[in-house]
């Protein structure tokens, strides 16, 4: 089953006195580009989040947002820095006395001085916090992967439709090929005879050269390889792992064979079929860019 590289998942839970929100979204990317946004307090958990996400995703530009809010207090304490406060008050009194400055030090003035207070926050047990976050993250990833799977199924259906159209055009080209080669051969003989009118060419050599030309114009080998490529495409689409890169390479090979057919054949009907096939292949290529 193919997975799309586009997806979204979000879960939220209240657990252990914390409000936990885990959100993940992704778009197309050639490689896995993982960006995690979380509070500095929980930076020690970043590597675990990376490991969890990368165990479920192999390609895509992925953005992860983790929010953890304490609903029952975070153990923060506020203490008075007595040494700083006493030094501050003494200095204000000295300024007043030495320079004759009027006024009194108020509580509002003291509260504006951040250094008067010492803020202490209790260290959190990251193992315990991760035990709360992990189930929320897993649930968000399940939702995210379910969306990617559903989108992947739509992409596969569309690719198969365009592949079937291309295979039909290949069959059309195969039916036209023998008459095309024969016609090209006859035209070449007629043209050479016209150019050599009045001369006495070696008829055997003339036929041999035309046979060589006909062999170079033969497209049966390309048609056979196309048939094999279509079978391989079907097999890739049925695989369960990441298949985007393999599909991309295979479509390049399919396009190469079709281009070769177009360059070898001068038949108008085959040329039209080649143009139509290249259009279908381009549609397949566009959809493959969305597959993991």
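FYI, it's all coordinate maths here, none of it is from the lab. Since we're looking at a predicted model, the values are computed, not measured. Because the Cβ atoms are built from the backbone with ideal geometry, glycine has one as well, and the counts that use them run over all protein chains shown.
Points to keep in mind about this one:
- Panel note: the C-alpha atoms of region 76-121, placed on their principal axes, show extents of 42, 18, 10 Å (largest first).
- When peptides 19-29, 128-138 are ranked by their average number of other Cβ atoms within 10 Å per residue, the highest-first order is 19-29, 128-138.
- Placing a pseudo-label 7 Å from each Cα along the Cα-to-Cβ vector at residue 12 and residue 105 gives an inter-label distance of 4.6 nm.
- Exposure proxy shown here: for 42, 8, 3, the number of other Cβ atoms within 10 Å sets the order, fewest to most, as 8, 42, 3.
- Point-to-point label distance, residue 126-residue 171, nm (Cα→Cβ direction, 7 Å offset): 6.1 nm
- Each peptide among 102-115, 50-63 gets the average number of other Cβ atoms lying within 10 Å of its residues, and from highest to lowest they stand as 50-63, 102-115.
- Ordered by the count of other Cβ atoms within 10 Å of each Cβ, fewest first, 46, 151 give 46, 151.
- Region 9-65: relative contact order in percent, alpha carbon pairs under 8 Å with at least 6 residues between: 46 percent
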